[in-house]
Amino acid sequence: MTIFNKLKVAAIAAGLSLAIALPAAHADEQYFPLQSYRVGPYAAGGTGFFGGFIDYLNLINTRDGGVNGVKLTWSEGETQYEVERGVEVYERLKNNPGVAAWNPLSVGIAYAMIDRITQDKVPLITINHGRTDSTDGRVFPYVFPLLLNPYSETSGIVNYIASKEGGLENLKGKKLVVLYHGSPYGKETIPIYELLAKKYGFELQQIEVPHPGNEQQAQWLTIRRAKPDYVVLRGWGVMNPVALKSAAKVGFPVDHIVGNVWSNSEEDAIPAGEAAKGYTAITTQASGAEYPVVKEIIKTLYDNGKGNLEDKSRIGSVYHNLGIVNGILNVEAIRIAQEKFGKRTLTGDEVRWGFEHLQLDPARVEALGAKGLFHSINVTWDNHEGNGYVTFQQWDGKKWNVVSDWIAPDWTLLRPIIEKSAEAYAAEKGIKLRTSEQAEAATN
Amino acid sequence: MTAIASEFSSSHRIPGWLPPVLLLGVAYLIVPFIGTSYLFEAILLPFLALSLAGVGLNILTGYAGQVSLGSAAFLAVGAFAAYNFNLRVEGLPLIGSIILAGLAAAAIGIVFGLPSLRLKGFYLAVSTLAAQFFVQWALTKFSWFSNDSASGVIDAPALSIAGIAFNGAVGRYLFSLTVVTLLTFLAYRLVSSQSGRNFIAVRDNETAARIIGVPVLKTKLLAFAISSFIIGVAGVLWAFAYLRTVEPAGFNLDRSFQILFIIIIGGLASIRGAFFGAALLVILPLALSRLGSFLLGDVFNSGVLDMSQRIVLGALIILFLILEPDGLVSLWDRIRKRSAAVFGRM
């Protein structure tokens, strides 16, 4: 029977050697562990976003030789948007040297990582999604729902619908249905819609579509019976085209469906065909390849066969551009932190300091070649969202056209709600609120 | 972890209790000091939780012959019940929450076990699917279960028993190991008791069992209750010790199938089988993924690699089942017998 013990030891040894067999440390490199997903029901989002992110990192390396000479490195682990796999990849990649920040692009995985990255003191970026109250940097020092947290998105959508109706006061008596994805991401906005419905006096019904959402007959029949003025589509992946097609089937007008920030891509509209024509969705970054930074990515990478997207027609698509914007924000956070701490490999906590000073005004955004791609960002130690602006785009059957100005969500309305929720979390977890002095100090 | 010596062991020099004790010695005294956090967080913690779930399902399916596709539902009941007991009952120690969670899972198990009195085989499997879908639906639908958390995700509380905090990867590993050891020992005692023999009698021939005086109804419900209890506790380990966060979607049908595959591949009607099966299903995909990205990571992107790993994993499992339809346990026994024969000749 000792063979079994030997086997056991061998297995442990094998496990250990696997865990140790990581790339060796190099001087002056900053590493991005990528919990990406290129297969499964959300592959379109994953390939586009991580493709854009990697393209931008690659551009910085190829064109500028890194950030002030510090090369950017990365490696990927497939998560399929599943929490267990996300945790496994986190454990696998976290010991690589020079980790800058985590970008899992999954609310479920992000939730599972909050305790872990807070202990590791490494930033966790959840651009355009995530846990809303992590906006409060006093309670969540290392979590950054950059550009647009779910509550701001909700406020932006409600304000847009109000503008179509001729003002917030005209929302009274209107009926709104929110069709949401049955996941942590989808449910995140349930309370804020209820709150806004009470505040503005519109009638509200929120309907869940179970993950992954390829069957929606029942939900749309309910919607037909309810006869709402608008349907907000808070979908993800395959759920979106199915929603648009089912809406057409039950005869709901597509120009009264407003998509949220994860229902706004070409991959959502194209499969729905005719049914998507006239569909409007919110976005933080415009689509299209006419922006200087996207042009440079094409010139530097794709023309030399180094681009990350397999399908070149997706260059400049919504997800690809979001990945590029995410790349800009991550790289600029490192650049800002380097100004303070030196042009070398930074610790996670130093990069956190960089994110907390990530202030890109429209002029700086233009200098980065991203004018019109996104508006601006203004992250501070206690506001981890950074007051991103939104715009609305309409699908004409072939591409998205911007149909609104850059709109500011109602931050002053949302901030007290966010603070209350964050403080409740702090009380439950026994977290002491951070002060600006503590935020200013970064550890090595 | 806990290899139980086979009754048919060809070597009588080693007493039956020795291998599991040695193994536990290694698991308690050596592994905590040499393991990396990756070993604990990504391999051993899911392995322990899934092994325990396998032990639970094996009692129901392997020993009592009742096929169930609802294991993930009982995992979910355990996880959410422990969370709610812990949250809502003031002053209840964690161990109390865990036991109550197991009991809650057992109660749900009995309810969904009632159809087994009339249904058999595939029909029963389909009716346990109802448990799978109902529980997931209820946990998503009623936000009370997740304490009205906006996104339906719950945060696991810190593990501490009698003032001892089980923090960090090693602490949570030792906590899981202790729970798994205790319950596995109880399961082992159970299957070699009169109740265990009743399970087997019901599985092998229900009519014959009834004639010789086995209370079939009681036996089936007992199997459902005990199995669900163990799976419920496994759910607590999954949620509190391994992931430390839970959403209902994490307990989907795939997880039920995974647990069923664990006992089929490991060996039905065998306590050890659950551990073998869980080891294979936890470690093999990771090993393949590591190997794949190590060898081909520069050539293909992670999506292509992941797809090819699935093909390889599926092929390997088919191969295992063709070569050894009785599971890894009997493969292991054969290897052991052969090696004993070889050593005996020397």
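The values are calculated or read from the model by the stated rules, or taken from the named source; none is laboratory data. If you're wondering where the values come from, they're calculated on a predicted model, not measured in any experiment. Cβ coordinates were reconstructed from backbone atoms using ideal geometry, including for glycine residues, and neighbour counts include every protein chain displayed.
Residue check: is B:ARG172 charged (D, E, K, R) and surrounded by 15 or more Cβ atoms within 10 Å (Cβ to Cβ)?
Against the criterion (charged (D, E, K, R) and surrounded by 15 or more Cβ atoms within 10 Å (Cβ to Cβ)), B:ARG172 qualifies.
Filter segment B:300-323 down to the residues that are within 14 Å of chain A (Cβ to nearest Cβ) and free of Cβ contacts under 8 Å to residues at least 24 places away in the same chain and list them by number.
Scanning segment B:300-323 gives B:PHE300, B:ASN301, B:SER302, B:GLY303, B:VAL304, B:LEU305, B:ASP306, B:MET307, B:SER308, B:ARG310, B:ILE311.
Do any residues in segment A:81-94 that are more than 9 Å from chain B (Cβ to nearest Cβ) and under 17 Å from A:PRO123 (Cβ atoms) have Cβ atoms under 7 Å from those of residues that are hydroxyl-bearing (Ser, Thr, Tyr) and part of a loop (DSSP other than H, G, I, E, B), where the two are at least six apart or on different chains, and which pairs are they?
Pairs that qualify, where the first residue is more than 9 Å from chain B (Cβ to nearest Cβ) and under 17 Å from A:PRO123 (Cβ atoms) and the partner is hydroxyl-bearing (Ser, Thr, Tyr) and part of a loop (DSSP other than H, G, I, E, B), are A:GLY86/A:THR79; A:GLY86/A:SER106.
Take the residues in segment B:13-34 that are at pLDDT 85 or above and of a type in the set (Gly, Ala, Ser), then tell me which one is nearest to A:ARG116 (Cα to Cα).
Applying the filter and picking the extreme gives B:ALA27.
Any idea which residue in segment A:380-399 is farthest from A:ASP410 (Cα to Cα), counting only those that are surrounded by 23 or more Cβ atoms within 10 Å (Cβ to Cβ) and touching an Asp or Glu at 6+ places or on another chain (Cβ under 8 Å)?
Of everything passing the filter in segment A:380-399, A:HIS384 is farthest from A:ASP410 (Cα to Cα).
If you check A:LYS420, A:LYS432, A:LYS371, which single one turns out to be of a type in the set (Lys, Arg), surrounded by fewer than 17 Cβ atoms within 10 Å (Cβ to Cβ) and under 15 Å from A:ASP133 (Cα atoms)?
The conditions single out A:LYS420.
Quick check on B:SER176: is it facing another protein chain (nearest Cβ under 9 Å) and either assigned to a loop (DSSP other than H, G, I, E, B) or under 23 Å from the mean Cα position of the chain (by Cα) (or both)? Reasoning before the result, please.
Details: facing another protein chain (nearest Cβ under 9 Å): no; either assigned to a loop (DSSP other than H, G, I, E, B) or under 23 Å from the mean Cα position of the chain (by Cα) (or both): yes.
Considered against the rule, which asks whether it is facing another protein chain (nearest Cβ under 9 Å) and either assigned to a loop (DSSP other than H, G, I, E, B) or under 23 Å from the mean Cα position of the chain (by Cα) (or both), B:SER176 comes out as no.
Consider A:TYR279 against the criteria (1) touching a Phe, Trp or Tyr at 6+ places or on another chain (Cβ under 8 Å); (2) not assigned by TED's automatic domain parsing to the domain that holds A:ILE161: it satisfies all of them except one. Which criterion is unmet?
The single condition A:TYR279 does not satisfy is (2).
Is it the case, given these coordinates, that A:GLU356 is over 20 Å from the mean Cα position of the chain (by Cα), modelled with pLDDT of 95 or more and within 24 Å of A:GLN285 (Cβ to Cβ)?
Judged against the criteria, A:GLU356 is not a match.
Kindly evaluate A:LYS340 against the criterion of being surrounded by fewer than 16 Cβ atoms within 10 Å (Cβ to Cβ), modelled with pLDDT under 95 and in a loop (DSSP other than H, G, I, E, B).
Spelling it out, it is not the case that A:LYS340 is surrounded by fewer than 16 Cβ atoms within 10 Å (Cβ to Cβ), modelled with pLDDT under 95 and in a loop (DSSP other than H, G, I, E, B).
Please enumerate the residues belonging to segment A:196-214 that are buried (at least 16 other Cβ atoms within 10 Å of the Cβ), in contact with a strand residue (DSSP E or B) (Cβ under 7 Å, 6 or more places away or on another chain), more than 11 Å from chain B (Cβ to nearest Cβ) and not polar (S, T, N, Q).
Once the filter is applied, which keeps residues that are buried (at least 16 other Cβ atoms within 10 Å of the Cβ), in contact with a strand residue (DSSP E or B) (Cβ under 7 Å, 6 or more places away or on another chain), more than 11 Å from chain B (Cβ to nearest Cβ) and not polar (S, T, N, Q), segment A:196-214 yields A:ALA197, A:PHE202, A:LEU204, A:ILE207, A:VAL209, A:GLY213.
Here is a yes/no grid of residues against (1) surrounded by 22 or more Cβ atoms within 10 Å (Cβ to Cβ); (2) away from every other protein chain (no Cβ under 14 Å); (3) under 30 Å from A:ALA100 (Cβ atoms); (4) modelled with pLDDT of 95 or more:
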{"position": "A:LEU148", "(1), (2), (3), (4)": "yes, yes, yes, no"}
{"position": "A:LEU171", "(1), (2), (3), (4)": "yes, yes, no, no"}
{"position": "A:GLU194", "(1), (2), (3), (4)": "no, no, no, no"}
{"position": "A:GLN216", "(1), (2), (3), (4)": "yes, yes, no, no"}
{"position": "A:ALA226", "(1), (2), (3), (4)": "no, yes, no, no"}
{"position": "A:LYS249", "(1), (2), (3), (4)": "no, yes, no, no"}
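Could you count how many residues in segment A:48-80 are outside any helix (DSSP H, G or I) and within 14 Å of chain B (Cβ to nearest Cβ)?
Of the residues in segment A:48-80, 8 are outside any helix (DSSP H, G or I) and within 14 Å of chain B (Cβ to nearest Cβ).
Only residues in segment B:173-195 that are closer than 19 Å to B:GLY65 by Cβ and free of Cβ contacts under 8 Å to residues at least 40 places away in the same chain count as the first member; pair them with residues that are of a type outside the set (Val, Ile, Thr) and assigned to a helix (DSSP H, G or I), Cβ under 9 angstrom, at least 6 apart or cross-chain, and list the lot.
B:SER195/B:LEU222; B:SER195/B:ALA223
Here's a check for you: in segment B:227-246, which residue that is β-branched (Val, Ile, Thr) and within 13 Å of chain A (Cβ to nearest Cβ) is farthest from B:LEU159 (Cα to Cα)? Talk me through it step by step, then tell me what you get.
Let us first name the residues in segment B:227-246 that are β-branched (Val, Ile, Thr), namely B:230-231, B:233, B:236, B:245-246.
Subset that is within 13 Å of chain A (Cβ to nearest Cβ): B:245-246.
Values: B:THR245: 13, B:VAL246: 15 Å.
My answer is B:VAL246.
So is A:LEU105 on the phi > 0 side of the Ramachandran plot, of a type outside the set (Gly, Ala, Ser) and modelled with pLDDT of 90 or more or not?
The answer is yes for A:LEU105.
When you check A:TYR185 against the structure, is it of a type in the set (Phe, Trp, Tyr), within 14 Å of chain B (Cβ to nearest Cβ) and free of Cβ contacts under 8 Å to residues at least 60 places away in the same chain, yes or no?
The answer is no for A:TYR185.
Pick from B:VAL77, B:VAL135: which is within 30 Å of B:TYR28 (Cβ to Cβ), of a type outside the set (D, E, K, R), touching a helix residue (DSSP H, G or I) at 6+ places or on another chain (Cβ under 9 Å) and in contact (Cβ under 8 Å) with a residue 12 or more places away in the chain?
Only one candidate passes the filter, namely B:VAL77.
Does A:TYR31 count as among the hydroxyl-bearing types (Ser, Thr, Tyr), at pLDDT 95 or above and either surrounded by fewer than 23 Cβ atoms within 10 Å (Cβ to Cβ) or closer than 29 Å to A:LYS295 by Cβ (or both)?
Yes; evaluated as a whole, the condition is true for this residue.
Do we find that A:PRO104 is crowded, with 24+ Cβ neighbours inside 10 Å and either in contact with a His (Cβ under 7 Å, 6 or more places away or on another chain) or away from chain B (no Cβ under 12 Å) (or both) in this structure? Break it down into steps so the answer makes sense when it comes.
Working: crowded, with 24+ Cβ neighbours inside 10 Å: yes; either in contact with a His (Cβ under 7 Å, 6 or more places away or on another chain) or away from chain B (no Cβ under 12 Å) (or both): yes.
Judged against the criteria, A:PRO104 is a match.
Looking at segment A:276-311, which of its residues are within 24 Å of A:GLU153 (Cα to Cα) and of a type in the set (A, V, I, L, M)?
Residues satisfying the conditions are A:ALA276, A:ALA281, A:ILE282, A:ALA286.
Hey, among A:THR300, A:THR284, which residue is surrounded by fewer than 24 Cβ atoms within 10 Å (Cβ to Cβ) and either out of contact with any Phe, Trp or Tyr (no Cβ under 6 Å at 6 or more places or on another chain) or away from chain B (no Cβ under 14 Å) (or both)?
Unique residue meeting the criteria: A:THR300.
Among residues belonging to segment A:115-137 that are farther than 21 Å from A:GLU29 by Cβ and surrounded by fewer than 23 Cβ atoms within 10 Å (Cβ to Cβ), point out the one that is nearest to the other protein chains (Cβ to nearest Cβ).
Among those that are farther than 21 Å from A:GLU29 by Cβ and surrounded by fewer than 23 Cβ atoms within 10 Å (Cβ to Cβ), it is A:ASP115.
Scan segment A:44-64 and tell me whether some residue there is farther than 22 Å from A:LEU309 by Cα and more than 18 Å from the chain's Cα centre (by Cα).
Looking through segment A:44-64, none of the residues is farther than 22 Å from A:LEU309 by Cα and more than 18 Å from the chain's Cα centre (by Cα).
When you check B:ILE283 against the structure, is it part of a helix (DSSP H, G or I), farther than 20 Å from B:ASN58 by Cβ, within 22 Å of the chain's Cα centre (by Cα) and β-branched (Val, Ile, Thr), yes or no?
It is false that B:ILE283 is part of a helix (DSSP H, G or I), farther than 20 Å from B:ASN58 by Cβ, within 22 Å of the chain's Cα centre (by Cα) and β-branched (Val, Ile, Thr).
Tell me, please, whether a residue that is free of Cβ contacts under 8 Å to residues at least 40 places away in the same chain and assigned to a loop (DSSP other than H, G, I, E, B) can be found in segment A:413-428.
Within segment A:413-428 (the criterion being free of Cβ contacts under 8 Å to residues at least 40 places away in the same chain and assigned to a loop (DSSP other than H, G, I, E, B)), the answer is no, since none of the residues qualifies.
Looking at B:SER289, is it facing chain A (nearest Cβ under 9 Å) and without any contact (Cβ under 8 Å) to a residue 24 or more places away in the chain?
Taking the combined requirement at face value, the residue satisfies it.
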